[in-house]
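This report concerns only the one structure given below.
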Amino acid sequence: MAFPYKIKQTIKFYCKDKINSALFFDELYKHIEKYDIFDKKIEKINEKKYLKFSSKNSIVKFLYHVEISVDITDYVKIEYTIIIIELFKIILLIIVIIAFFSRFSFDKFLIFSFIFTLLFYLINLIYITNQIKNIIKSSDIYKKLNPNDEDELSKEQVEWMNNPNICSACGTQINDFDKKCPDCGLYIDRKIKTIIFDKTKYKDVDLHYKFIKKKK
Ligand SMILES: [Zn+2]
């Protein structure tokens with residue numbers, strides 16, 4: 001069983017304001033610089049800029065490397081790769097120490113090592129990836145372009161959400177009087193409009209009025 005030592009994650013969101021990816025990158029760099037990081041540098045590989053740095057922002061304070069790149073088309077795509085080779089050295093060291101000082105039988109030791117490696121690896125991985133994600137998301141440029149922190153929403157969905165005449169969940173046309181989406185049933189949170197009924201328009205219809213006492 002091989003544990004991945006390199007983890008690549010993506011933050012992607014649709015942005016209606018068009019922004020230059022170089023500008024976004026520079027803003028992100030300025031933001032990340034404020035954190036306690038080491039060996040920060042910008043590398044250009046195939047016309048694409050990578051922000052590289054090392055951090056100790058983890059549970060057991062080991063050093064790991066991070067690479068961040070930004071791509072902007074219709075979507076803003078921030079890719080971050082975390083390289084955690086150091087974590088395996090720490091796991092190995094802990095297992096060796098336990099092998100020397102514990103009184104486990106060999107079978108039990110193998111089971112223990114396996115469970116320990118898996119848990120320690122996963123907990124650290126989740127912690128680190130969240131740290132990096134939070135650092136990116138706490139930048140002013142991210143908050144400005146994605147104020148509601150809507151990850152992984154499609155272009156269509158963002159357009160639906162910004163259009164009051166369309167259901168934001170399924171894209172069905174809704175009118176001013178709908179309380180619920182006629183297609184998916186999503187409750188529409190807005191004041192229901194009332195109109196003054198113009199009976200001159202319906203001359204051939206025999207209209208009767210019935211007064212209903214309003215419930216308090
Ligand atoms: Zn709907």
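Report the extension gain between residue 201 and residue 116 in nm, rounded to one decimal, defined as 0.36 nm multiplied by the number of residues separating them, less their alpha carbon distance.
Working: separation 85, 0.36 × 85 = 30.60 nm, distance 7.79 nm.
Gain on extension, residue 201 to residue 116, equals 22.8 nm.
Return the subset of 41/89; 8/48; 12/179 for which the Cα-Cα distance in this structure is over 20 Å, preserving the input order.
Values: 41/89 25 Å; 8/48 16 Å; 12/179 32 Å.
Cα-Cα > 20 Å for 41/89; 12/179; rest within.
Are there cysteines in the chain with no second cysteine's Cβ under 4.7 Å away, and if so, which?
So far as the 4.7 Å Cβ criterion goes, 15 stand without a partner in the chain.
Tell me the label-point distance for the pair residue 15, residue 175, using the 7 Å Cα-to-Cβ offset, in nm and rounded to one decimal.
Spacing of the two 7 Å Cα→Cβ label points: 3.9 nm.
Taking the highest mean first, how do the peptides 21-27, 183-189 order by number of other beta carbon atoms within 10 angstrom per residue? Don't skip to the end; give the middle numbers.
Values: 21-27: 16.7, 183-189: 11.3.
Top to bottom by mean Cβ count within 10 Å: 21-27, 183-189.
Please sort by residue number the GluC sites (Glu not before Pro) in the range 102-176 whose DSSP state is loop and whose Cβ has at most 16 other Cβ atoms within 10 Å. Write out the running numbers ahead of the final one.
Working: sites: 150, 152, 156, 159; in loops: 150, 152.
Hits after loop and neighbour filter: 150, 152.
Charges only on Cβ, +1 for Lys and Arg, -1 for Asp and Glu: so what's the dipole of the chain about the Cα centre, in debye to the nearest 20? If you can, show how the numbers build up before the last one.
Working: 37 positive and 28 negative charges, 191 e Å.
Roughly 920 debye for the chain.
Based on the Cβ-Cβ distance of residue 137 and residue 189, what FRET efficiency does E = 1/(1 + (r/R0)^6) give at R0 = 30 Å, to the nearest 0.05?
Numbers: r = 26 Å, r/R0 = 0.87.
It comes out at approximately 0.70.
Over the chain, calculate the relative contact order: mean separation of alpha carbon pairs under 8 Å at least 6 apart, over the residue count, as a percent. Don't jump to the answer; show the numbers that get you there.
On the way: 239 pairs, mean separation 41.2, N = 216.
Over the chain, the number comes to 19 percent.
Below 8 Å, C-alpha to C-alpha, sequence gap of six or more: please give me the relative contact order for the range 1-123 in percent. If you can, show how the numbers build up before the last one.
Details: 144 pairs, mean separation 31.5, N = 123.
26 percent.
So who's got an amide H within less than 5 Å of the one on residue 166, skipping anything under 5 residues away but keeping other chains? H placed 1.01 Å off N, in plane.
HN-HN under 5 Å from residue 166: 174.
Which residues among the range 96-137 fall inside the zone where the amide N is under 20 Å from a point 7 Å beyond the Cα of residue 6, along Cα→Cβ?
Within reach of a label on residue 6, which here means backbone N under 20 Å from a point 7 Å along Cα→Cβ, the range 96-137 contributes 122, 125-126, 128-130, 132-133.
Tell me, what ³J(HN,Hα) does each residue in the range 26-31 have, in order and in whole Hz, if you take phi through Karplus 6.51 cos²θ - 1.76 cosθ + 1.60 with θ = phi - 60° and put x for Gly and Pro?
Those phi angles translate into 5, 5, 5, 4, 4, 5 Hz.
Over the C-alpha atoms of the chain, what are the Rg and the largest Cα-to-Cα span, Dmax, in Å?
Final numbers for Rg and Dmax: 27.9, 98 Å.
Readers should treat all values here as calculations from the given coordinates under stated rules, not as data from a laboratory. Just so it is clear, the model here is predicted, and its values are computed rather than measured. In this analysis, Cβ positions are derived from the backbone assuming ideal geometry, glycine residues included, and neighbour counts consider all displayed protein chains.
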